[in-house]
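Inspection log for the structure reproduced underneath, given as structure tokens.
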Amino acid sequence: MSDPLELFFNPKGVAIIGASTNPLKLSHGVVRNLKNCGYQGPIYPINPKGDEILGLKVYPTILGVPDPIELAVIMIPAPYVPATLEECGQRGIKAVIVITGGFREAGADGAAEELQLKEIADRYGMRLIGPNCVGVMDTHLPLDTTFITAMPRPGHIGFVSHSGAICGGTTDWAREVSVGYSRIVSLGNQLDVDIADGIRMMQSDPHTHVISIYAEGLPDGRRFVEAALPVFRDKPIVMLKAGLTSSGTRAVASHTGALAGDEQAYLAACHRAGVIAVDSLQEQNDLAIALATQPLPRGNRVAILTNAGGPAALAADELDRGGLLMANLETETIEKLKTATPRGAQLANPVDMLGGPRAEMYKTAGGILLEDPNVDMLMAIFVPQAITPIDEVVANIVMSSADTSSADAAPAEAGKPVVCCLVGGESITEAARFLNENGVPFYQDPNRAARALCGLLRYAELRVRQDLTPQPIEDVHAETARAALKGAWQKTGAGFLDAETSAAVAAAYGIVVPGSGLARTAGEAIDLAEALGYPLAMKLIAADVIHKADVGGVVLNLQDAAAVRESFETMVGTASVGAQTDRHADTRRVMLQQMAPSGQEVILGAQRDTQFGPVLMFGMGGIFVEVLNDVAFRLAPLSAYDAEQMVMETAAGQIMKGVRGQPPRDIGMVIDTLRRIGQLVDDFPCISELDINPLIVLEDGKGVSAVDIRIAITEPPR
């Protein structure tokens, strides 16, 4: 088998190390599940006590197991796992699942033992899932190496989960409502096989049409992006991540020892990777069902067929919030509906058949709506009542969708999506199962049905978006920037560069900066001012001052030498700045800078995320950036198209187009500057932070000016 990851699903022989004869032990459950699921290969329970389990011979060690064997499942106490893994390597096994917990998630000692497992696996060329996981399932082969109660029915959703408990809960829910899955993988601590490998496992599986991911940590965020990029246009990837807030991060760390990243960096990574990020398990499951069973819509127009006005109104509101429209029905469609619906039915969209429609009307009226060229999607809503049998209603809904969707169809095939909302409880259970089994997604809430349709359109648009691969900018002087960064490191080590060095690094990458210089005395300041020319801005440079404007450390429009002297003495002399004392005076300097023409202020920045690398920010600049929070984020570096989209996501970008008589601004130069910053921070991993605030954007065609630049480094440039 060419792909070693496939050994986890289609092995020629499986050993369960630590298998117990006690039906109450989890290891006994794994043997039972593997035997009962229909797996066709040999099963080898391993236990030093020997004996027999469920009619299967028990072997004392893995070394004594006959061929064929390609997968080992380890379920013994943590201290004994390294020696057992060594034996697996000696036996020639290339795929191992370590279900045992008590490693990294248990503390420093467990983390050290976990690293030992990695060393053994690497030495023997083994791929390892876990530790601290529940195993894997493949419903089509079939294979079940978990201790979860039972597998869901075969379907087309592949699920990759960091958490074993989420796997168990999702599986139980899927069995209740009869949602089909193809493969389910519990990754545990991701010691070796990680989320990126999980994506590849689903990519290679012909039965998987949708990849659903639950993650708590992404140790190598760029690897995740690289794995998703070649997949997302063929198989949608829906992802839910925990640990995006400070509270969530603490909870995750105590549970799995995972590292969790900043939410904006994660969302920027999902954007680059083509991954649809969701906020809850319910939203994830709802969208996965729709993507796995429905064709993609050609547009954003929805028809609603209902027997109740309230749920339809709720659905219409949610569709509008998601950017979908209620379809304007053709006159011919309305005429046909008159003969297919009860007398008095409301035939404008939503099509409300009132309280007592016959079941077959859902098929006839649904078919008429799907034939309308103005309709891209159909939502059928039914509230159970005494007159119309619900089982007949859902059978007719399925028939109305038969020409446009199929449980076995790939999502991109021709047709129109159909979803069904049944508002109820006790009476809808079997009907919900029938819908899911016949390829029509069931939702109990009209808002959920609406969001599923919104998700279908979102993926349809994502699938055809432009390539975001960044193209390198040629006219940069990397060696000049390297020399400046190296000099700063040798002088002061880690921390923020002085303003002059920051400007020099930016200028080396073609970022437009005003002429400037530093002065330590009033005399130096006056001489420098005469050389630069008036008017000038003066800015305080001091290690103890971060936000200069907050302490009066910025003076604008200095027109002559007297103004320069007075401002210098105010900032640096004993007439100290704000609450600062003159013990800092000997380290204080001023920066004199040519005044930039007036224009729109924006902020451009970069921060290096531990999981995803450099992340770019753009938004409304000036002193209110934290208050306004008008910002967008992307991974660096950037393509020109992605940079443009990033800018236009913000109010700042929209204002730059020209509003209320204001002239359009030089958006092209803003995009160029964003790309140059992205390349700079990508070229130099030593840069941990970079801010340009403000970047003054002049009228269209007149350029930009990076007035204030701050760069921080954490290591010498490489």
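What follows draws every value from the coordinates through simple rules; no lab data is involved. Bear in mind that the values here come from a model prediction, so they are computed numbers and not experimental data. Heads up, the Cβs are rebuilt from the backbone with ideal geometry, glycines too, and the neighbour counts pull from every protein chain shown.
Data for the structure
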quantity	calculated
Distant-in-sequence amide H partners of residue 541 (H built 1.01 Å from N, under 5 Å)	589, 590, 591
Straight-distance crosslink candidates among lysines, where the alpha carbon sits under 20 Å from residue 235 and sequence neighbours closer than 8 are dropped	416
Crossing angle, helix 499-508 versus the chain [Cα axis fit, 0-90 degrees, rounded to tens]	60 degrees
Contact order relative to length of the chain, as percent, for alpha carbon pairs under 8 angstrom and 6 or more apart	9 percent
For segment 1-134: relative contact order, % (alpha-carbon pairs under 8 angstrom, 6 or more apart)	23 percent
Sorted peptide list for 609-617, 318-326, criterion being average Cβ within 10 angstrom, highest first	609-617, 318-326
Lys/Arg +1, Asp/Glu -1 at C-beta; segment 290-340 dipole; positive extreme among 311, 291, 329	291
Three-way shape label, the chain, alpha-carbon gyration tensor, a/c 1.5	oblate
Distance between segment 443-464 and segment 657-671 - C-alpha centres, whole angstrom	34 Å
Peptides ranked, highest mean first, by Cβ atoms within 10 Å: ranges 350-361, 416-427	416-427, 350-361
Set of segment 51-72 residues, backbone N closer than 17 Å to the point 7 Å along the Cα-Cβ line of residue 86	61-64
Net dipole in debye of segment 1-134 [+1 Lys, Arg Cβ; -1 Asp, Glu Cβ; about Cα centre; nearest 20]	380 debye
Three-way shape call for segment 1-134 based on the alpha-carbon gyration tensor, with the a/c threshold at 1.5	oblate
Residues residue 718 and residue 56, FRET efficiency given R0 of 51 Å [Cβ-Cβ distance, rounded to 0.05]	0.35
For segment 1-79 and segment 489-564, distance of Cα centres in Å	70 Å
Selection from 188, 171, 156, by position along the positive dipole direction of segment 146-200 (Cβ)	156
Lys/Arg +1, Asp/Glu -1 at C-beta; the chain dipole; positive extreme among 679, 695, 393	393
Ranked packing of 677-683, 75-81, most packed first, by mean Cβ within 10 Å	677-683, 75-81
Stretch gain in nm, segment residue 430-residue 40, where the contour uses 0.36 nm per residue and the Cα spacing is subtracted	137.2 nm
Shape of segment 295-463, Cα gyration tensor, a/c cut at 1.5	rounded
DSSP bridge pairs, the chain: antiparallel proportion in percent, nearest 5	50 percent
Under 18 Å from residue 25, Cα to Cα: aspartates and glutamates that are on another chain or at least 8 residues apart	51, 52, 144
Between segment 675-710 and segment 178-238, the Cα center-to-center distance that results, in Å	35 Å
Value of [θ]222 nm, deg cm²/dmol, for the chain, DSSP H segments ≥ 4, -39500 (n - 2.57) each, nearest 500	-11000 deg cm²/dmol
Per-residue HN-Hα couplings for segment 319-336 [Karplus 6.51, -1.76, 1.60; θ = phi - 60°; Hz; x = Gly/Pro]	4, 5, 4, x, x, 9, 10, 6, 5, 8, 6, 5, 4, 4, 5, 5, 4, 5
Charge dipole (debye, nearest 20) of the chain; +1 at Cβ of Lys and Arg, -1 at Cβ of Asp and Glu	820 debye
Integer Hz, Karplus 6.51/-1.76/1.60 couplings in order for segment 380-394, x for Gly and Pro	9, 10, 9, 9, x, 8, 6, 7, 9, x, 5, 5, 6, 4, 5
Rough spin-label spacing in nm, given labels placed 7 Å along Cα→Cβ, for residue 112 and residue 657	6.1 nm
Inter-site label distance for residue 474 and residue 569 at 7 Å from Cα along Cβ, in nm	5.5 nm
Charge dipole (debye, nearest 20) of segment 421-518; +1 at Cβ of Lys and Arg, -1 at Cβ of Asp and Glu	80 debye
Förster-model FRET efficiency, 56 Å R0, residue 598 and residue 392, C-beta, rounded to 0.05	0.20
Amide hydrogen neighbours beyond the local backbone of residue 94, cut-off 5 Å, H modeled	none
Stretchable slack from residue 629 to residue 173, in nm (0.36 nm times residue separation minus alpha-carbon distance)	160.3 nm
